[in-house]
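The values are calculated or read from the model by the stated rules, or taken from the named source; none is laboratory data. Please read all numbers here as calculations on a predicted model, not as lab measurements. Glycine also receives a Cβ, built like all others from the backbone with ideal geometry; neighbour counts cover every protein chain displayed.
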Amino acid sequence: MTPVDVRDIAVSLPDVEQHAALGADPARTQLVVLQHGMLRSPWSMWRLERALEQHGYEVMNTGYPSTGGRIEDHAARLRQELESRLDARNGPRPELHFVGHSMGGLVIRCYLSQPGALPAASCVFLGTPHRGAALSRHYADDWAYQTFGGEAALQLVPGHPFYDSLCAVGARRVGCIAGAAGDGEGRSAEIPGDDDGRVGIDEAQLPEQTDGVILPIAHGRLPIEDASIAEVLHFLRRGKFGASSVERRR
């Protein structure tokens, strides 16, 4: 277990809020597939995993070596793990939902863009740089970024051919949650406009999204804050976000 994992466990320990009206529909069998971001592990999604389970969802929270290989490799790993999980089940195949944080959202999109991918009922993206991240371009020539980030980190640079391989997300419901400082200037001087410290608001949007919301949350905390977890629950249950006191996007 790495120091990062220990930290992710520590910040995920508090009990999650209960939202009785946002529990999973008991008449449907539903599986939520989680994918963490770069330099993280499934522990970073643990609080969200617990919240989903406590609200009646089955959850698959698997990891991938984010600095070892390309995003396509991580998507292939997700495909294998998902198919194995479904093959081991008894009973009807569940309705599938996907929730990805940061680069994990690109892993999900890459999987869904492949022939034979299982259809998604809904997808929620937390701070995912859907066309790349300006911050990655800023650090692309840095030795440490290249060495420790690996091939996938370089794919986060805007304009990388990887983005041409992605199809529009074909789920019936597509929600994008962006983090922000809330001051119009953002947390990073290297990112145009407001941002969450890693990804700009505009970078976290999709043309095909059916709803979007901007929360005053830093990038790394998007999977663990009560406000963002509540929005994920709201979207999965009702197909739209529930925030009324924050900026929304469609």
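Brief remarks follow.
- Subset of the stretch 34-46 [part of a strand (DSSP E or B) and either surrounded by fewer than 24 Cβ atoms within 10 Å (Cβ to Cβ) or touching a Cys at 6+ places or on another chain (Cβ under 9 Å) (or both)]: none
Yes/no matrix, rows are residues, columns are (1) in contact with a Gly (Cβ under 8 Å, 6 or more places away or on another chain); (2) outside any strand (DSSP E or B); (3) farther than 18 Å from Ala133 by Cα:
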{"site": "Ala168", "(1), (2), (3)": "no, yes, yes"}
{"site": "Asp183", "(1), (2), (3)": "no, yes, yes"}
{"site": "Gly186", "(1), (2), (3)": "yes, yes, no"}
{"site": "Ile191", "(1), (2), (3)": "yes, yes, no"}
{"site": "Gly197", "(1), (2), (3)": "yes, yes, no"}
{"site": "Val213", "(1), (2), (3)": "yes, no, yes"}
{"site": "Ile217", "(1), (2), (3)": "yes, yes, no"}
{"site": "Ala227", "(1), (2), (3)": "no, yes, yes"}
{"site": "Phe235", "(1), (2), (3)": "yes, yes, yes"}
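- Per-region count, the stretch 189-204, residues of a type outside the set (A, V, I, L, M, F, W, C) and farther than 18 Å from Met38 by Cα: 5
- Residue within the stretch 217-230 that is surrounded by 19 or more Cβ atoms within 10 Å (Cβ to Cβ), more than 27 Å from Leu13 (Cα to Cα) and either touching a Phe, Trp or Tyr at 6+ places or on another chain (Cβ under 9 Å) or β-branched (Val, Ile, Thr) (or both) present: no
- His19 falls short on exactly one of the conditions (1) out of contact with any His (no Cβ under 8 Å at 6 or more places or on another chain); (2) in contact (Cβ under 8 Å) with a residue 12 or more places away in the chain, and that condition is (1).
- Checked against (1) of a type in the set (Val, Ile, Thr); (2) modelled with pLDDT of 95 or more; (3) in contact with a strand residue (DSSP E or B) (Cβ under 7 Å, 6 or more places away or on another chain), Ile224 passes all but condition (3).
- The residue list Glu49, Glu17 contains one member that is more than 25 Å from Leu154 (Cβ to Cβ) and assigned to a helix (DSSP H, G or I), which is Glu49.
- Helices (runs of 4 or more DSSP H) completely within the stretch 53-148 that count 2 or more residues being loosely packed, with under 14 Cβ neighbours inside 10 Å: 71-87
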